[in-house]
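The values are calculated or read from the model by the stated rules, or taken from the named source; none is laboratory data. Given the structure is predicted, the values throughout are model-derived calculations rather than measurements. Cβ sites come from the backbone with ideal geometry, for glycine too, and all protein chains shown count toward neighbours.
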């Protein structure tokens, strides 16, 4: 079972992104659950969502405390939330940032860093900084846990072709850096 | 045998013998009555009945029309008919069965 | 239709618990729906009104002014002999209390999902079945479910249970707010055709308002007759024990999914200890039971699905001979210093020869997470315990300064 | 059929013997209304006088010939709205779905349900018999009770002080302002007018029709039984309870009172006003005049529109 935690802000589509990851896994006949952290969702407020993926039915409906992967939809969220809390050793961090993946200052628990400037990509393609679809492309590139085509299909269904293209563009742009764990 | 229901239902008419309440009863004086029907209109318990018949006019002639009678079966003796009768053709009398 | 045929016609989707409830309702072809939105049930109303707007749901839909009106409207509609559906939560259920009680005493087979949410105060919108458990003695049937597939499947079953001639009672299918209502997971949606084959249309003749068959509904009634109706109502609750099991088995045969009926036991065959649960926490308890089993601890799980009627005999036979059990309640029973399910289970076990050591746990109030660690602590405590513990043990993670 | 023929020959839909007080004009109103509505009717009688006197029945018998039921005190309109939806679902659109509710169940506890049904346009006919309080349970005040009136919860002290401290809610206007297709006031003293209004209300197919009937309570107000109709009549003659109707906010006074009798002449009929001094009576007179002027102005606006 893979456990994922997403960190974003209200209005970025964090919860919807978590659901699309589940859709993509179900599309390949797997299982998954997506659980939003139950707060009052307000524009700009920190939002957390949890995802579990598996090949068999998933029983716990609890929050994710030890993620294999964290997805950070907004780099500034790190100022408000300890996004790496409880992360598994060698975990994957997928982050929206203009910085190069190999230059990121990340805690030692992170084994793989994947970086993409999702804000710029979203802004130039959509005219607004809604980063969830771009970050889905980055997530697929970094983990390979679900199929890109399935993610794109769901994104197109929800938000149209432009967003689907954005997923693919972000997938192409994402740089994955496996860190030296010594 | 009494019918059995799963849920609270009522069938058939429940009635109270309100005629027994009466301490006075209306008496209609047909010599004054013009068969206007006010008594039927205002009787709260539907005790005034009507049928088609010959209505005696003031000039002694008759016409076909509604004629009114009082059925005391459920009459509670309120006196509304006597009070409302424009001809003072109804008077309330002491109920003699008590 | 065989299991194979029914399964072949279903489709796989990902949906949250509220969508699963809305689909369960939609597939059951309710004729009248009246519902008022309240967090966390609101999306149920949104989904159903969208189905209606899209002309995918052929029913009379009313967007009402309150939950009181919603249940009142369905009471009226059900008295004309049609199938009715609604959903609510928490304060909405509290506002509904007056017509809620009456829907059961008029024996109206209304189906209502309750998206469990705490009762205020303090001000909260998050999970916990305090709302519906508090109304356990209002005469409705209440079934509590564990995941989104079970919400959909049980909502469909609920109509058949409620409308059964031996039952004729309204029913709640209850699921945890947010934990299920807002959690998305894989759900198989049966075809309309297969649900139609499972669920016949509803015809009422036990109570009816119809000018072609004039009768009074609910004349003033003296005590002896009220006692007669109460006895019949209680008998119908007892009859529902069999009906819930039958309908469940039929559903399982047709659709290939088995939720256990009145209760579900997990790894209880050789268990010496048990954790008793209800609702969405059950999955985490399964996980812990597996881990404890791997460590050699003979523990199992009992999930109570039907709270009303209460599966007395099923619990007794499942729990007889245990060395200990614990009940995890996401609610409180004021005045008992335990949760409500604990009181129910302990009462049921009074009929056994032996007294089984037990612990009442309270956890997860107000939408707090009941983590695997907490469930593990509960399991350990049950194994250690030899007493009839009467004071609730509170399971919660430390929250310094939060 | 003339009005008299309707009253004479249409079937009485209510049990011939119900336990309403002797001379009760609500019993008269109910029998009259139900004759006009006929057997293809389902009607709701919430807790109140008519429920209490047995119109819904007793044990396993019914107090009426058409289907009748007790709604709760506060959900008459919403239960009826549900009944309408249930019949709609079955394609049965010709049934009269009717409330016969007291003022407590209408202007107090049942107001939200009624207002909601009016706003949604639920197709029901709602009749309120206004006897100014909870008369079935011993004469407690409602928001429809007249100012200064004695009730058991607005008692009068030994020196004549007390009584209800607030004015009567102007409920017919409130209902008219819901823009419903039909709203009318009526009185048991004006039966042909009442019959005509019930017939109009029955013909409404889009939305809610509401009739507010003013029924002086003999027992609760302290009125001799034979004065039952006269008391109701004086309420109209004094303009205290004007007869008017409204359709989608267009208001028309159906019985213009050109030369009103003083309000004092109306309230003298009731013991519940016996303790009033001249100043209090004057206040009621002024309120009456003000509300009638308002109504006339509304009528004029309606005609101009």
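Data for the structure
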read-out	value
Some residue of the range A:155-168 being surrounded by fewer than 20 Cβ atoms within 10 Å (Cβ to Cβ) and touching a residue at least 40 places away in the same chain (Cβ under 8 Å)	yes
Residue in the range C:131-151 that is more than 12 Å from every other protein chain (Cβ to nearest Cβ) and more than 17 Å from the chain's Cα centre (by Cα) present	no
Selection from the range D:87-116 of residues that are assigned to a helix (DSSP H, G or I), within 21 Å of residue C:68 (Cα to Cα) and in contact with a strand residue (DSSP E or B) (Cβ under 6 Å, 6 or more places away or on another chain)	D:103, D:104, D:106
Qualifying residue in the range C:140-154 (condition: more than 20 Å from residue C:42 (Cα to Cα), part of a loop (DSSP other than H, G, I, E, B) and free of Cβ contacts under 8 Å to residues at least 60 places away in the same chain)	no
Filter result for residue C:222 (within 8 Å of another protein chain (Cβ to nearest Cβ) and closer than 30 Å to residue A:3 by Cβ)	no
Residue tally, condition touching a residue at least 24 places away in the same chain (Cβ under 8 Å) and surrounded by fewer than 20 Cβ atoms within 10 Å (Cβ to Cβ), over the range C:333-380	14
Single condition residue C:165 does not satisfy, out of (1) assigned to a loop (DSSP other than H, G, I, E, B); (2) in contact with a helix residue (DSSP H, G or I) (Cβ under 9 Å, 6 or more places away or on another chain); (3) over 22 Å from residue C:330 (Cβ atoms)	(2)
Residue list for the range C:45-80, filter: part of a loop (DSSP other than H, G, I, E, B) and either under 9 Å from residue C:33 (Cβ atoms) or facing chain D (nearest Cβ under 7 Å) (or both)	C:57, C:59, C:64, C:65, C:66, C:80
Residue among A:47, A:51 that alone is surrounded by 22 or more Cβ atoms within 10 Å (Cβ to Cβ), at pLDDT below 95 and in contact with a helix residue (DSSP H, G or I) (Cβ under 9 Å, 6 or more places away or on another chain)	A:47
Single residue of the range D:64-78 satisfying the filter (under 15 Å from residue B:8 (Cβ atoms) and within 7 Å of chain C (Cβ to nearest Cβ)) that is farthest from the chain's Cα centre (by Cα)	D:67
Some residue of the range D:248-266 being farther than 20 Å from residue B:83 by Cβ, buried (at least 20 other Cβ atoms within 10 Å of the Cβ) and more than 14 Å from every other protein chain (Cβ to nearest Cβ)	yes
Filtered residue count, the range D:162-181, keeping only those that are out of contact with any helix residue (DSSP H, G or I) (no Cβ under 9 Å at 6 or more places or on another chain), in contact (Cβ under 8 Å) with a residue 60 or more places away in the chain and surrounded by fewer than 16 Cβ atoms within 10 Å (Cβ to Cβ)	2
Residue ID - farthest from residue A:146 (Cα to Cα), chosen from residues in the range A:26-44 that are surrounded by 24 or more Cβ atoms within 10 Å (Cβ to Cβ) and touching a residue at least 24 places away in the same chain (Cβ under 8 Å)	A:35
Search result, residues across the range D:199-232 that are surrounded by 23 or more Cβ atoms within 10 Å (Cβ to Cβ), touching a helix residue (DSSP H, G or I) at 6+ places or on another chain (Cβ under 7 Å) and assigned to a helix (DSSP H, G or I)	D:218, D:220, D:221, D:228, D:229, D:232
Sole residue being surrounded by fewer than 21 Cβ atoms within 10 Å (Cβ to Cβ), touching a residue at least 40 places away in the same chain (Cβ under 8 Å) and in contact with a helix residue (DSSP H, G or I) (Cβ under 8 Å, 6 or more places away or on another chain), chosen from D:35, D:6, D:10	D:6
Criterion: away from chain A (no Cβ under 14 Å), without any contact (Cβ under 8 Å) to a residue 40 or more places away in the chain and more than 23 Å from residue C:359 (Cα to Cα) - qualifying residue of C:269, C:228	C:228
Filter pass, residue D:101 being modelled with pLDDT of 95 or more and under 17 Å from residue C:74 (Cβ atoms)	no
Boolean, residue C:109 is under 20 Å from residue B:7 (Cβ atoms), part of a loop (DSSP other than H, G, I, E, B) and not assigned by TED's automatic domain parsing to the domain that holds residue C:339	yes
Test for residue B:79: is it in contact with a strand residue (DSSP E or B) (Cβ under 7 Å, 6 or more places away or on another chain), over 30 Å from residue C:106 (Cβ atoms) and within 7 Å of another protein chain (Cβ to nearest Cβ)	yes
Selection count where residues are without any contact (Cβ under 8 Å) to a residue 60 or more places away in the chain and in a helix (DSSP H, G or I), scope the range A:114-137	11
